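Please treat every number below as a calculation from the coordinates, not as lab data. What you see is a predicted model, and the numbers here were worked out from it, not measured in a lab. Glycine gets a Cβ as well: all are built from the backbone with ideal geometry, and neighbour counts include every protein chain shown.
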Amino acid sequence: MPPRKSTKDYQNEIIRVHYGINNQTLGVQSVWETRGGKLASMSGGRHFNYQVVAGSIVRSDAVSLAFDLTDVITLPVDVENHPLVNELETKASIMRAQRST
């Protein structure tokens, strides 16, 4: 049963996941977006939050700036093993190989 509107659980419900390549680690990082406009991510064992305007649709360029990501794609929360995420993983791997040479 989904949370009722106007509740804290409703505002904290994750509605989209943004994926991008972290510019520091060159790994694929995911950022979760809640219905209430909060972005959250884990990187290097640390948890990061970023609050955007509640009720607004977060664009990939905002996620890119807030979390220092490139090639950001956005998917619904219930999508797993999407080919676009696999393409990001491949691109990140190539970028890591190029950095080490």
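The criterion of at least 1 residues that are more than 11 Å from the chain's Cα centre (by Cα) and either in contact (Cβ under 8 Å) with a residue 24 or more places away in the chain or surrounded by 13 or more Cβ atoms within 10 Å (Cβ to Cβ) (or both) is met, among helices (runs of 4 or more DSSP H) falling completely within the chain, by 8-11, 83-100.
The set of residues in segment 32-50 being of a type outside the set (S, T, N, Q) and closer than 22 Å to Pro2 by Cβ consists of Trp32, Glu33, Arg35, Gly36, Gly37, Lys38, Leu39, Ala40.
Would it be correct to say that Val17 is under 23 Å from Arg96 (Cα atoms) and either in contact with a His (Cβ under 7 Å, 6 or more places away or on another chain) or not hydroxyl-bearing (Ser, Thr, Tyr) (or both)? The answer is no for Val17.
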